[in-house]
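S.K.: The structure under discussion is supplied below as structure tokens; questions concerning it will follow.
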Amino acid sequence: MSGAANGETAPSAWAVERFGELAGALVNALPVQLVRAHTRAHAVHLKARLKKRSPYGSTLSEAVRENLADLARDLGGTARDVRGYEYAVINEHALFPFKYANRPRALHRARLASSASPTRRRLLWGHGPEAQEGLFDLGDDLTTDEYLELHEAFEELGVSTKLVCVFFTAALEEGIHAIHWGDAHLEPDRTFTWIHSEQLQVPPAPQE
């Protein structure tokens with residue numbers, strides 16, 4: 001992505017292809033919303049005054065989803081409820097936020113937790129990019145009814161809606177380290193193959 005004349009980041013051709021005329025606003029506003037979500041989660045942690053079982057992680061996840069849903073509405077998109085969680089949808093592309101580490105880590109090392117819900121797996125498989133030939137080889141032991149069910153699209157999200165993954169790392173004290181977005185394919189071993197990825201600039205955190 002290149003810098004625009006007014007100091008904002010210009011969207012890539014990939015972003016414009018997915019989000020149309022809203023790509024420019026989205027590429028600049030999305031990182032701001034993640035930083036604001038961190039600020040909210042940090043404040044909740046301080047208020048809780050807990051040494052263990054910090055509410056930071058769960059609050060951050062919910063705040064990110066809420067902020068992105070509000071952003072989508074502000075841009076003329078919508079937020080669709082999937083099993084009690086709102087996902088921002090703009091130009092028939094749903095934003096799928098995922099904190100993959102609590103410290104700086106390369107994107108290729110991102111991995112879905114073994115405890116991840118079937119809903120999240122189903123979203124990634126049902127609405128993610130199509131597997132390239134030879135990329136997602138299924139053995140006979142994987143072609144079960146349960147596995148095939150995961151590939152069925154959620155009616156709540158919309159059959160034609162595709163996912164755009166928004167992966168980031170964050171920690172309580174450091175804030176948001178890095179933000180990446182793009183088209184990611186979930187593999188059977190819970191790693192990701194990126195068909196396309198871009199790193200977004202992280203803005204400074206607001207003064208508390």
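S.K.: If a residue has to be of a type in the set (S, T, N, Q) and farther than 25 Å from Arg18 by Cα to count, how many in the range 169-208 make the cut?
M.R.: Number of matching residues: 1.
S.K.: I'd like the full set of residues that are in contact (Cβ under 8 Å) with a residue 60 or more places away in the chain, crowded, with 17+ Cβ neighbours inside 10 Å and not hydrophobic (A, V, I, L, M, F, W, C), limited to the range 46-60.
M.R.: Across the range 46-60, the qualifying residue is only Tyr56.
S.K.: Sort through Ala37, Ala69, Ala63, Ala41 and tell me the only one that's in contact with a Ser or Thr (Cβ under 6 Å, 6 or more places away or on another chain), of a type outside the set (S, T, N, Q) and open to solvent by less than 30 Å² (accessible area, probe 1.4 Å).
M.R.: Ala41
The values are calculated or read from the model by the stated rules, or taken from the named source; none is laboratory data. Small disclaimer: the values here were computed from a predicted structure and weren't measured. Neighbour counts run over all protein chains shown; Cβ positions are idealised from the backbone, glycine included. Surface areas here come from the heavy atoms of the whole protein model, side chains and all, with no ligands, DNA or RNA. Shrake-Rupley method; radii C 1.70, N 1.55, O 1.52, S 1.80 Å.
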